[in-house]
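**Q** My structure is below; once you've seen it, I'll send some questions.
Since every read-out is calculated from the coordinates, none of them should be taken as a lab result. Predicted model, so just to flag it, every value in this text is computed and none were measured. Using ideal geometry, Cβ is built from the backbone for each residue, glycine included, and neighbour counts are taken over all protein chains shown.
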Amino acid sequence: MHPTPAERDDLFESFARALFKHDMDALYRVVSPEFVWRYHDGVSPEVVLIGHDAILKHLDKNKAFYATIRFHDVVYHHLGDVSFMTFRVSETVRSTGEQREQRGIERYTFEDGRIATKDVYRKPIVS
C-alpha cells in the first residue's frame, strides 16, 4: 500500500527539513534504504545519487557553489503510486553573483511507506 496524500505531505515536509539541515539520519528515516535521486538541472549532465555519502557530497557542493537557493510556487500533485512536485527556483552563483531562474518538476515513488526515488528535471527560464 502506498502512503496516502496526507502521509506523503508529512514525508515531504520531513524530507525537505532533512535536506535543508544536511541531516542524513533524519533523511534516511523518510527514504527507503535503497533510495535513488536522479538530478538533471538543464545545464549540466544528469547526476545519479545513491547512498548517504553521495547525497551529502551533492548538498555540500551546492552549498559551496550557490550563495542562495530559493524555491517558489511549490505544488505537490499526488497520483496513485507516484507524486509530483512542480516549482520555480531562484539561485545565485556564489563566485559571480549570477542569478539563475528555473522551472522544474520532481517525480517521487514510494516503497514501504517511504520515498524510494526522486527524479528532478529542471529547465532554465529564458527571459
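**Q** When the Cα centres of the range 9-64 and the range 91-112 are compared, how far apart do they sit, in Å?
**A** Between the Cα centres of the range 9-64 and the range 91-112 lies a distance of 12 Å.
**Q** Within 10 Å of each candidate Cβ there may be at most 11 other Cβ atoms; applying that plus a DSSP loop requirement, which GluC sites (Glu not before Pro) in the range 59-127 survive?
**A** Answer by residue number: Glu98.
**Q** A follow-up question, please. Would you mind ranking Ser14, Ser83, Ser95 by Cβ crowding within 10 Å, fewest neighbours first?
**A** Ordered from fewest to most neighbouring Cβ atoms within 10 Å, Ser14, Ser83, Ser95 come out as Ser95, Ser14, Ser83.
**Q** Here's a follow-up. Share of antiparallel DSSP beta bridges in the range 5-124, in percent to the nearest 5?
**A** DSSP beta bridges in the range 5-124 are roughly 85 percent antiparallel.
**Q** Label Thr4 and Glu34 with points 7 Å out from Cα along Cα→Cβ: what is the distance between them in nm?
**A** 2.8 nm
**Q** Simple spin-label model, 7 Å along Cα-to-Cβ: Asp73 to Ala16 in nm?
**A** 1.6 nm
**Q** Quick one: which residues, 5+ away or cross-chain, put their amide H under 5 Å from the amide H of Val31? H built at 1.01 Å from N.
**A** Residues meeting the amide H criterion: Ile115.
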